[in-house]
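Following this message is one structure expressed as structure tokens.
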Amino acid sequence: MNIEITNLRFTYPTGLEALKGINLTINSGEQVAIVGQNGAGKTTLVRHFNGLLKPTSGTIFIGEWETTKFSVAKLASRVGYVFQNPDDQLFSRDVLTEVTFGPRNLGYEKAKIEELVQRALSLTELTDKTDTNPYDLSPTWRKMIALASIIAMDTPIVIFDEPTTGQDAVNVARIANVIAELRNEGKTVITITHDIDFCAENFERVVALSNGQVLLDGPAREVLGQEKVLAQTYVDPPQLTRLGKRLGLKETVTRQEEFLRAIE
Ligand SMILES: Nc1ncnc2c1ncn2[C@@H]1O[C@H](COP(=O)(O)OP(=O)(O)OP(=O)(O)O)[C@@H](O)[C@H]1O
Ligand SMILES: [Mg+2]
């Protein structure tokens, strides 16, 4: 199921134009990272994918559905969106209720709901916390609950808005594992991130936004190699990439294995 964005512009009621003509196609099964400075328009862009925001002009198609013609509830069967701040998303008294809400709401059969919920809980390592109130857990775990409740909906497209912000290394690895699992299942994963190493290690394609426009879009290695252009949106290439450049490596390297191969 492709995402097709054509000439998307969006102006907030305050008069601020946050998106200034975005053209982007994301193909079924792609793993895309969206990067860019604070206020570049990343969250505004992805909130259009599940209909939370409607374009001021231009169009977005999710498969053959134009988002303006479908309700947010209907679009939720195709696009799962994990909020930037889990406290904006969570509302249940215990973890199990929270994670069960989405798939139940989509009207799946009981057995399927149970299977999806168990899988989401086990992927996020929440299985032993099902009875706990999300607000008795740390913000780190609340982020995992937010992830689990969206994964449990089994949508073909999953969006994560800054999943690794404020997370320790163990949790970042957990999140990378969730993304790898979704990739294996053939899902489209779109992740907004400021964590450029995480971006380099986990995503094939990178879109850099700047001031409501697409600044760069392409394979991670090509985009992350463009230090000067990225500086316009205050993104530093991964440390390995910069080190590789300083060492005079001919190819742009973004991952540890590539780096080691290149210096051999
Ligand atoms: N509800 C709103 N009302 C008015 N302006 C808004 C609203 N939400 C965001 N903006 C403005 O729109 C622009 C884009 O914001 P957006 O949240 O999409 O950026 P972002 O790239 O996600 O930034 P960050 O990395 O800080 O999350 C910013 O100038 C922001 O101040
Ligand atoms: Mg944002």
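No value in this document is a laboratory result; all are computed from the given coordinates. Keep in mind the model is a prediction, meaning the values are calculated, not measured. Every residue, glycine as well, gets a Cβ built from its backbone with ideal geometry; the counts of neighbours run over all protein chains shown.
Do me a favour and compute the ellipsoid semi-axes for the chain from its Cα gyration tensor, root of five times each eigenvalue, largest one first, whole Å.
Sorted largest first and rounded, they come to 30, 24, 16 Å.
Over 24 Å between C-alpha atoms is what I'm after, so list which of 143/245; 20/69; 228/250; 42/250; 112/187 land there.
143/245; 42/250
Cα-based Rg (one decimal) and Dmax (whole number) for region 58-206, in Å?
Gyration radius and largest Cα-Cα distance of region 58-206: 15.0, 46 Å.
Once you put a point 7 Å from the Cα of residue 104 and another 7 Å from the Cα of residue 243, both along the Cβ direction, what distance in nm separates them?
Placing both labels 7 Å beyond Cα along the Cβ direction yields 4.9 nm.
Still on this structure: Suppose R0 equals 22 Å; then what is the FRET efficiency for residue 28 and residue 74 from their Cβ-Cβ distance, rounded to the nearest 0.05?
E(calc), rounded to 0.05, equals 0.70.
How large is ³J(HN,Hα), in whole Hz, for each residue of region 28-43 in order, when computed from phi with the Karplus curve 6.51 cos²θ - 1.76 cosθ + 1.60 and θ = phi - 60°, using x for Gly and Pro?
Result, ordered by residue: 3, x, 6, 10, 10, 9, 10, 10, x, 4, 4, x, 5, x, 4, 5 Hz.
In nm, to one decimal, how far is the residue 2 label point from the residue 180 one, both placed 7 Å along Cα→Cβ?
Going from the residue 2 label point to the residue 180 one covers 3.1 nm.
Region 196-262: percent of C-alpha pairs farther apart than 14 Å?
Taking all Cα-Cα pairs of region 196-262, the fraction more than 14 Å apart is 53 percent.
Suppose a student asked you for the relative contact order of the chain, using Cα pairs under 8 Å spaced at least 6 residues apart; what percent would you report?
It rounds to 22 percent for the chain.
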